[in-house]
Amino acid sequence: MTAKHVFYTGHVQGVGFRYSTKRIASGFDVTGWVKNLPDGRVELFAQALDIDELDAFLEDIERSSLGSHIKGSEVKVVPAEPNLRGFSIVR
């Protein structure tokens, strides 16, 4: 299992970013979460059994209408959380 931790910058809050990301996740075999940060960034954790599936999910986020709001992203490969189920919005 592969996991990535992503921080998105830009105009990524107040534009439905978290809800759109959750909708996009439903089309992939990924688990994880997304949340707004107090500094205006959006934080995402996602994992999948297949690295290509995970990368395709992250690419779809940037190719969607959300892409126009993203000015930058910081991506790190991190340890997976094997007991995590589903994809959720964290408040």
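Just the residues that are of a type outside the set (Phe, Trp, Tyr) and farther than 24 Å from Leu49 by Cβ, please, taken from the stretch 1-17.
Those that are of a type outside the set (Phe, Trp, Tyr) and farther than 24 Å from Leu49 by Cβ: Thr9, Gly10, His11, Val12, Gln13, Gly14, Val15, Gly16.
For the stretch 19-38, which residues satisfy the criterion of being open to solvent by less than 40 Å² (accessible area, probe 1.4 Å) and either more than 19 Å from Asn83 (Cβ to Cβ) or in a strand (DSSP E or B) (or both)?
Matches in the stretch 19-38: Ser20, Thr21, Ile24, Thr31, Gly32, Val34, Leu37.
Within the stretch 41-58, is even one residue part of a helix (DSSP H, G or I), open to solvent by 40 Å² or more (accessible area, probe 1.4 Å) and in contact with a helix residue (DSSP H, G or I) (Cβ under 8 Å, 6 or more places away or on another chain)? Break it down into steps so the answer makes sense when it comes.
Just the residues of the stretch 41-58 that are part of a helix (DSSP H, G or I), to begin with: 51-58.
Next, only the ones that are open to solvent by 40 Å² or more (accessible area, probe 1.4 Å) stay: 51-53, 55.
Narrowing the set further to residues that are in contact with a helix residue (DSSP H, G or I) (Cβ under 8 Å, 6 or more places away or on another chain) leaves none.
Scanning the stretch 41-58, I find no residue that is part of a helix (DSSP H, G or I), open to solvent by 40 Å² or more (accessible area, probe 1.4 Å) and in contact with a helix residue (DSSP H, G or I) (Cβ under 8 Å, 6 or more places away or on another chain), so the answer is no.
Run Glu74 past the list (1) part of a strand (DSSP E or B); (2) touching a helix residue (DSSP H, G or I) at 6+ places or on another chain (Cβ under 8 Å); (3) not β-branched (Val, Ile, Thr) and report the number of the one that doesn't hold.
(2)
The values are calculated or read from the model by the stated rules, or taken from the named source; none is laboratory data. Worth saying up front: this structure is predicted, and the values here are computed from it rather than measured. FYI the Cβ positions are ideal-geometry reconstructions off the backbone, even for glycines, and counts take in every protein chain you see. Heavy atoms of the whole protein, side chains included, go into the accessibility calculation; ligands, DNA and RNA do not. Shrake-Rupley method; radii C 1.70, N 1.55, O 1.52, S 1.80 Å.
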